[in-house]
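S.K.: Okay, handing you the structure first.
The values are calculated or read from the model by the stated rules, or taken from the named source; none is laboratory data. Remember, it's a predicted structure, so these values are computed and weren't measured experimentally. Note that we place each Cβ from the backbone using ideal geometry, even for glycine, and neighbour counts take in every protein chain shown. Areas reflect the complete protein model, heavy atoms only, side chains present, ligands, DNA and RNA absent. Shrake-Rupley method; radii C 1.70, N 1.55, O 1.52, S 1.80 Å.
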2 protein chains.
Amino acid sequence: MENKKHVAIQNDYADDYAWCYGCGRLNESGLHFKTLWQDEQTVTYYEPRAEHTAIPGFVYGGLLASLIDCHGTGSASLALHRKNGHEPGDGIEPPRFVTASLHVDFLRPTPLNTTLKAVGTLEEVHPKRWRVHIEVFAEDIQCAKGVVEAVVMPDNFKA
Amino acid sequence: MENKKHVAIQNDYADDYAWCYGCGRLNESGLHFKTLWQDEQTVTYYEPRAEHTAIPGFVYGGLLASLIDCHGTGSASLALHRKNGHEPGDGIEPPRFVTASLHVDFLRPTPLNTTLKAVGTLEEVHPKRWRVHIEVFAEDIQCAKGVVEAVVMPDNFKA
């Protein structure tokens, strides 16, 4: 059981829902964010690529927004999955969330050439709607904070 | 004069500030967003790449956040440049803005395989701080809306 907490939720998304450029394991061009439990919070680590530049030396805002966005939906999926009695890696398909809204405050320039850490704190609005409060750190210095409102994927995303 | 309004502000950023993954003309891997005046509003067009998938068939949120982010800073640059008496293409380096905060509401799934249009409406908070209200359309259907607070690049972005 303890080990399962260290499996990323994105590993368990159904194949049809595993193509996201940010966090889909099947998107070969994508960023492959992986979201895990860390005690009662959630965490995603990511090392930006050299081309993820804003002003030279710093990470562009869109990458941070993407990280916060996918960390939010992944965290909500972890939370509802646990509420339903499951952990990543136990063979049960987790709920797939999408983003209703995203807010990011850019607190200071975020350096390139470091591993970023997004930490999420969960707030249940409704079992199918979670608010995730997210802090992004580079070398333990907080560079951004965000809030994601994530909802269980509605039917209009289905082809 | 009229023709100059159809030059993108990003074409005039100083070389040192033209590397953004979202909108830098010198970033070979980047998205190359281009922001222009359209009457008193601003516009950026972008056709997502096939890999910019969320759920198959739809655009991932991070791409929309990036588009809104760079459209916001580009719009603020256009606005302050005009306030200073200049238009893109007149040979004067425009002010370079960065993002203080970004908010996105995802209104409906955004289809891939279409050209997206971001339209910005400017609100001056201070000459060095502009709030840009942005609507994103796919095939004339609004899919997202956002607000960017853009500020003139502070000294801590300088190497």
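S.K.: Angle between the Cα long axis of helix B:61-83 and the longest principal axis of chain B, 0 to 90 degrees, nearest 10?
M.R.: With rounding to tens, the tilt is 20 degrees.
S.K.: Further, regarding this structure: Starting from the residue with the highest accessible area, list B:LEU80, A:LEU107 in decreasing order, probe 1.4 Å.
M.R.: Values: B:LEU80 15, A:LEU107 80 Å².
Of B:LEU80, A:LEU107, the descending order of accessible area is A:LEU107, B:LEU80.
S.K.: Which whole-number value in Å² is the accessible area per residue of the protein assembly as shown, probe 1.4 Å?
M.R.: The answer is 42 Å² per residue.
S.K.: For a quick check of understanding: with a 1.4 angstrom probe and all protein chains in place, what accessible area in square angstrom does A:LYS83 have, to the nearest ten?
M.R.: Counting only protein heavy atoms, the figure is 110 Å².
S.K.: Another question, then. Please compute the average number of Cβ atoms from other chains found within 10 Å of each residue's Cβ in peptide A:17-26.
M.R.: 5
S.K.: What is the spin-label model distance, in nm, from A:ARG129 to B:GLN142 if the labels are put 7 Å beyond Cα along the C-beta direction?
M.R.: Inter-label distance under the simple model: 1.9 nm.
S.K.: What order do B:VAL148, A:VAL151 take when sorted by accessible area (1.4 Å probe), most exposed first?
M.R.: A:VAL151, B:VAL148
S.K.: Please compute, for the alpha-carbon atoms of the stretch A:1-77, the extent along each of the three principal axes and give them in descending order in Å.
M.R.: Taking max minus min along each principal axis of the Cα atoms, the stretch A:1-77 gives 44, 29, 18 Å.
S.K.: Using packing as a proxy for protection, rank B:50-62, A:10-22, A:59-71, A:86-98 so that the peptide with the highest average count of other Cβ atoms within 10 Å comes first.
M.R.: By packing density, highest mean first, the sequence is A:59-71, B:50-62, A:10-22, A:86-98.
S.K.: OK, next. How large is the Rg to Rh ratio of chain A when both quantities use alpha carbon positions and Rh follows Kirkwood?
M.R.: Working: Rg = 14.9 Å, Rh = 15.6 Å.
Rounded to two decimals, Rg/Rh equals 0.96.
S.K.: OK, next. So, in nm, how far is label B:ASP16 from label B:ASN113 when the simple model puts each one 7 Å beyond its Cα toward the Cβ?
M.R.: 4.6 nm
S.K.: Please give the Cα centre distance for the stretch A:92-159 versus the stretch B:95-129, rounded to the nearest Å.
M.R.: 19 Å
S.K.: Another question about this same structure. Semi-axes, largest first, in whole Å: what does sqrt of 5 times each Cα gyration tensor eigenvalue give for the protein assembly as shown?
M.R.: Semi-axes (√(5λ), whole Å): 34, 20, 16.
S.K.: Which distance in Å, rounded to a whole number, links the C-alpha centroids of the stretch B:1-66 and the stretch A:10-59?
M.R.: 22 Å
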